[in-house]
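> So that we are looking at the same thing, I have put the structure below in structure tokens.
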Amino acid sequence: MERQTLFAEVLLPLPVKGLYTYRVPFELNETVRNGQRVVVQFGKKKIYTGIVFNIHENPPKSYQVKYILSVLDLYPVVNEIQMEFWRWISEYYMSSMGEVMNTALPSSLKLASETKIALHPAYDGDISNLNEKELFVTEALHSQQRLTLTELSDVAGIQKVIPLIKTMLEKKVIVLEEELTDPYKPKKESFVYLTKTYRENEESLKDVFDELEKRAFKQLKILMTFLNLSQQNVDISRPELIKKSGATHSQLNALVEKGVFEIQEKEVSRLESGEAKASADDITFTEKQQIAYDEIKKGFQEKNTLLLHGVTSSGKTEIYIKLINEVIREGKQVLYLLPEIALTTQIINRLRRYFGEQVGVYHSRYSKNEKVEIWSKVNEGNENNSKFQIIIGPRSALFLPFSDLGLVIVDEEQDQSFKQFDPAPRYHARDSAIYLAGLHQAKTLLGSATPALESYYNAKEGKYHFVELTERFGGIKMPEIILADIRRETRHKTMKSHFSSLLMDHMKESLDNHKQLILFQNRRGFSLRLECNICGHIPQCKNCDVTLIYHKYSNHLRCHYCGWTTRIPELCPSCNNNSLFMKGFGTEKVEDDLAILLPDPVIKRMDLDTTRKKHAYQQIITDFEQRKIDILVGTQMVTKGLDFDNVELVGILNADNMLSYPDFRSQERSFQLMAQVSGRAGRKGKRGKVIIQTFNPQHPIILDVINHDYVSMYKSQIQERARYKYPPFYRLIMIRLKHKENRLLNEGASAFADILRASFGQRVLGPEYPIVSRIKNQYIKTVLIKLERTASLKMMKTTLHEKVEEFEKIRDFKGVRVILDVDPV
């Protein structure tokens, strides 16, 4: 048979363009498949793990091709649909494929760069077929066990070490370290079993009982506990048996030594699971829910994407569960995207109640090994009928290896957390989910009480099907919203710390009624700044152009951009006066002041500082559900999606900060946040109340929130968007330029803007400094391109790529970094 020479197009996890061609060794011809990980040489001394994207027989004409060194997987870890999805992400969001791979793959599936070599476990020490350099390397490995490629080069006395590695791999003298130390370590647990003698012979077991009864009562108790547990037909773990019998490890070991028990190690999952306790068929809809459900079913026959605009507590989740049930009965998978990890806790419990072990969870708080387990569970679904037919998670869950998606749900679709900011690719999970669903010929359901203007516009224009759910579940009224005029209360001196008398009175009333409260302040920390009353000096971050935030718990000033911390100065660094005062307030100060004003209630805080640990979200939410917490103070983590039965009052402590933020979306976002946090009140039983503290009670957005009037907000904002050429009428591409020298950045940004204007004309705005013009010692300038919807986006992006390349060739601006952000939020 004629030898077939194959070549593979390999994607490397590097921010470089395109794929790289490698030759497949003849012995691997039958092994290599698209989607597998392979080890390849890149450059002179680096070895990387790449993904095979294509296999063909066309040799490159312009250069000598290198060989694939080894294949790491028996089966593909990435499927064809994922590859197509990665290509689209790369093209649409103007990033490299390697950057997409870095974001998509769990870190434990990306093996390393400066690879080490070690002796092959099966190498028997035979040196008869080794040359001089191979012998040097083998002797060095006997003493050092592992060598980096740089060390290997020194030992062998040659620069090009890859040919040497290749021959020693073929002779099975060495292995690449990755093959020995796969970062993924299965979790193992010890299980206890009766030995064959006592499992099959009741007389022998009776004799052991008699013997233990006389001499070793504790050991007898272990045996009796084991036999009781074994009636449940489950494997009994060693820790479980010791715990339930009240015995010690040494007493159990004594039974092992006597040959009564044997211990076996088994692989167990790190992932939490639960059994289904109810059937989705038992869910009973209200009349309004049934109408919405029927409209969704009908809408999916006409369009693949649908927007469900349902007011807070209208029962959207029950509708989702019914739809999920139908999809998994067809044997298809469901992806349920949520913006915050905090939201997953309650949703997981609700879905597991109906779907049990079919529900998997994926997010950044999981360990490297847990992520690989989930990846494998979803990937195994192709052939092994994986139990994970439903995946819940934030935006990163998009990249799991789904084989047959039937439905994608994007809950709280308006949330800006769905947008990836850094690093590239800067993708939007909502828009990417719609494309992913299209690849699987699946349906996409966007759900929100306060949809993004773009989504609502698309629905009204007929691009998406549109369904409304305008009543709360059980006919409960929307919460009553009351304004507290801070200007008037400050003038009359009725404010207590940052709490109006109106808010204080309602808080006391709710607490007397044994109800719970949520207070929302969209700033964490204790004080937003430290300020000298004499000269006005405010401590700044040494790396960023921002003021430092005071955190009382750790008693230091901290930058929320780079993390730099410093102690509190005793005197003003500028005028040496001791007249330093704290101005502004964050969630930490709210919690602290409230404990003084209301010493009896249990007060907890939920923000980034209190939820850094893996299960911190879950603990706070569970405690609040179980009414162990009376008042929950939080940032926007508390504003959306959470469902608490006993919350009667919600307080918004500062509505004006959100409204005054200089961004074209600030009015929309302010409405969304206030409406969402208001929706946490009065979800069960009695109508809830919301107190909004503001200096400007007549602001149109606040009036829309009071009236629960999304449509009014939409109409006013959509007119402004059309007038000033913003989405959904225009597309935006934000370009950030960074450099450590301000002068060079200014010159480079101006030169780059001029290059752009030659092709894009008046579509180019800037360059300008953003609100924070220096982060981590890098100065920043931004250029904004506004593209009309009628323009060819593909052609415009091609031109933009060319202009970036033209700018990067200018020697004077070599160090200026150009960052592209398509559809910034």
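The values are calculated or read from the model by the stated rules, or taken from the named source; none is laboratory data. Not measured: the values here are computed from a predicted model. We place every Cβ from the backbone using ideal geometry, glycine too, and count neighbours over all the protein chains shown. With ligands, DNA and RNA removed, areas are computed over all heavy atoms of the protein, side chains included. Shrake-Rupley method; radii C 1.70, N 1.55, O 1.52, S 1.80 Å.
> Which pairs turn up if I take residues in the stretch 236-254 that are of a type in the set (S, T, N, Q) and at pLDDT 85 or above and look for partners that are part of a helix (DSSP H, G or I) and open to solvent by less than 30 Å² (accessible area, probe 1.4 Å) with beta carbon separation below 6 Å, at least 6 apart in sequence or on another chain?
Short answer, once both residue conditions are applied: SER245/ILE222; SER245/THR225; GLN251/GLN219.
> Got a sec? Which of GLN416, GLN420, GLN441 is closer than 20 Å to PRO106 by Cβ and surrounded by fewer than 23 Cβ atoms within 10 Å (Cβ to Cβ)?
One residue alone meets the criteria, GLN420.
One line per residue, one yes/no per condition, for (1) aliphatic (A, V, I, L, M); (2) touching a Leu at 6+ places or on another chain (Cβ under 8 Å):
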position: ASN742; (1), (2): no, no
position: GLN762; (1), (2): no, no
position: ILE780; (1), (2): yes, yes
position: LEU784; (1), (2): yes, yes
position: MET795; (1), (2): yes, no
position: HIS801; (1), (2): no, no
position: GLU808; (1), (2): no, no
position: VAL816; (1), (2): yes, yes
position: ASP821; (1), (2): no, no
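> For residues that are in a strand (DSSP E or B) and of a type in the set (D, E, K, R), scanning just the stretch 587-612, find the one that is nearest to GLY563 (Cα to Cα).
The selected residue is ARG605.
> Would you pick out the residues in the stretch 418-452 that are over 20 Å from LEU673 (Cα atoms) and assigned to a strand (DSSP E or B)?
Listed by number, the residues that qualify are LYS443, THR444, LEU445.
> Related question: Output the number of the condition that SER497 fails; it satisfies all remaining conditions of (1) on the phi < 0 side of the Ramachandran plot; (2) out of contact with any His (no Cβ under 9 Å at 6 or more places or on another chain); (3) hydroxyl-bearing (Ser, Thr, Tyr); (4) open to solvent by 10 Å² or more (accessible area, probe 1.4 Å).
The single condition SER497 does not satisfy is (1).
> Moving on to the next point. Are there any pairs, at least 6 apart or on different chains, whose C-beta atoms fall under 6 Å, with the first in the stretch 97-126 and more than 28 Å from SER153 (Cβ to Cβ) and of a type in the set (D, E, K, R) and the second at pLDDT 85 or above and open to solvent by less than 50 Å² (accessible area, probe 1.4 Å), and if so, which?
Close Cβ pairs satisfying both conditions: GLU99/ALA424; GLU99/PRO425.
> ILE81 is checked against (1) aliphatic (A, V, I, L, M); (2) buried (at least 18 other Cβ atoms within 10 Å of the Cβ); (3) modelled with pLDDT of 90 or more and fails just one. What number does that condition carry?
(2)
> I would also like to ask the following. Does the stretch 776-791 contain at least one residue that is at pLDDT below 95, more than 28 Å from SER417 (Cα to Cα) and open to solvent by 30 Å² or more (accessible area, probe 1.4 Å)?
Yes - at least one qualifying residue is present in the stretch 776-791.
> Can you tell me which residues in the stretch 363-372 are crowded, with 21+ Cβ neighbours inside 10 Å and charged (D, E, K, R)?
Of all residues in the stretch 363-372, those crowded, with 21+ Cβ neighbours inside 10 Å come to 370-372.
Passing the criteria: GLU370, LYS371.
> Restricting the stretch 705-751 to residues that are closer than 30 Å to LEU483 by Cα and of a type in the set (D, E, K, R), which is least open to solvent (accessible area, probe 1.4 Å)?
ARG721
> Can you give me the number of residues within the stretch 395-417 that are part of a loop (DSSP other than H, G, I, E, B) and farther than 21 Å from TRP375 by Cα?
4
> Can you go through THR639, THR611, THR635 and tell me which one is under 15 Å from TYR553 (Cβ atoms) and either buried (at least 16 other Cβ atoms within 10 Å of the Cβ) or modelled with pLDDT of 90 or more (or both)?
Just one listed residue meets the conditions, THR611.
> Any chance the stretch 16-31 includes a residue that's over 24 Å from THR148 (Cα atoms), part of a loop (DSSP other than H, G, I, E, B) and of a type in the set (S, T, N, Q)?
Yes: the stretch 16-31 contains one or more residues that are over 24 Å from THR148 (Cα atoms), part of a loop (DSSP other than H, G, I, E, B) and of a type in the set (S, T, N, Q).
> Also, I was wondering about something else. Residues being surrounded by 11 or more Cβ atoms within 10 Å (Cβ to Cβ) and among the hydroxyl-bearing types (Ser, Thr, Tyr): count how many of those fall in the stretch 126-140.
Adding up the residues that qualify gives 1.
Per-residue answers, yes or no, for (1) aromatic (Phe, Trp, Tyr); (2) over 30 Å from LEU519 (Cα atoms):
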{"site": "SER666", "(1), (2)": "no, no"}
{"site": "ALA681", "(1), (2)": "no, no"}
{"site": "ARG687", "(1), (2)": "no, no"}
{"site": "THR694", "(1), (2)": "no, no"}
{"site": "TYR714", "(1), (2)": "yes, no"}
{"site": "ARG723", "(1), (2)": "no, yes"}
{"site": "LYS740", "(1), (2)": "no, yes"}
{"site": "LEU745", "(1), (2)": "no, yes"}
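> If you don't mind, another one. Scan the stretch 792-804 for residues that are open to solvent by 70 Å² or more (accessible area, probe 1.4 Å) and of a type in the set (D, E, K, R) and jot them down.
Scanning the stretch 792-804 gives LYS794, GLU802.
> If you don't mind, there's one more thing I want to ask. Take the residues in the stretch 654-686 that are in a loop (DSSP other than H, G, I, E, B) and more than 20 Å from MET478 (Cβ to Cβ), then tell me which one is most open to solvent (accessible area, probe 1.4 Å).
Result: TYR661.
> Moving on. Is there any pair with a first residue in the stretch 549-560 that is over 18 Å from VAL590 (Cβ atoms) and a second that is not in a loop (DSSP other than H, G, I, E, B) whose Cβ atoms are under 6 Å apart and which are 6 or more apart or on different chains, and what are they?
Note: pairs meeting the criteria are HIS556/THR565; LEU557/TYR550; LEU557/THR566.
> From the list THR490, THR494, which one is farther than 22 Å from SER678 by Cα, out of contact with any strand residue (DSSP E or B) (no Cβ under 7 Å at 6 or more places or on another chain) and part of a loop (DSSP other than H, G, I, E, B)?
THR494
> Considering only residues of the stretch 505-534 that are of a type in the set (A, V, I, L, M, F, W, C) and over 37 Å from the mean Cα position of the chain (by Cα), which is most open to solvent (accessible area, probe 1.4 Å)?
ILE534
> Further question: I'd like to verify a number: residues in the stretch 435-472 that are closer than 15 Å to ALA397 by Cβ and either among the hydrophobic types (A, V, I, L, M, F, W, C) or over 27 Å from the mean Cα position of the chain (by Cα) (or both), how many?
Count: 3.
> Related question: May I ask you to list the residues in the stretch 247-267 that are over 38 Å from the mean Cα position of the chain (by Cα), farther than 13 Å from LEU223 by Cβ and not in a helix (DSSP H, G or I)?
Within the stretch 247-267, THR248, GLU262, ILE263 qualify.
> Mind listing just one residue for me: the one in the stretch 41-69 that is open to solvent by 70 Å² or more (accessible area, probe 1.4 Å), assigned to a loop (DSSP other than H, G, I, E, B) and basic (Lys, Arg) and, of those, farthest from SER153 (Cα to Cα)?
LYS61
> Of TYR93, TYR75, which residue is over 19 Å from TYR20 (Cα atoms), among the hydroxyl-bearing types (Ser, Thr, Tyr) and surrounded by fewer than 18 Cβ atoms within 10 Å (Cβ to Cβ)?
Only one candidate qualifies: TYR75.
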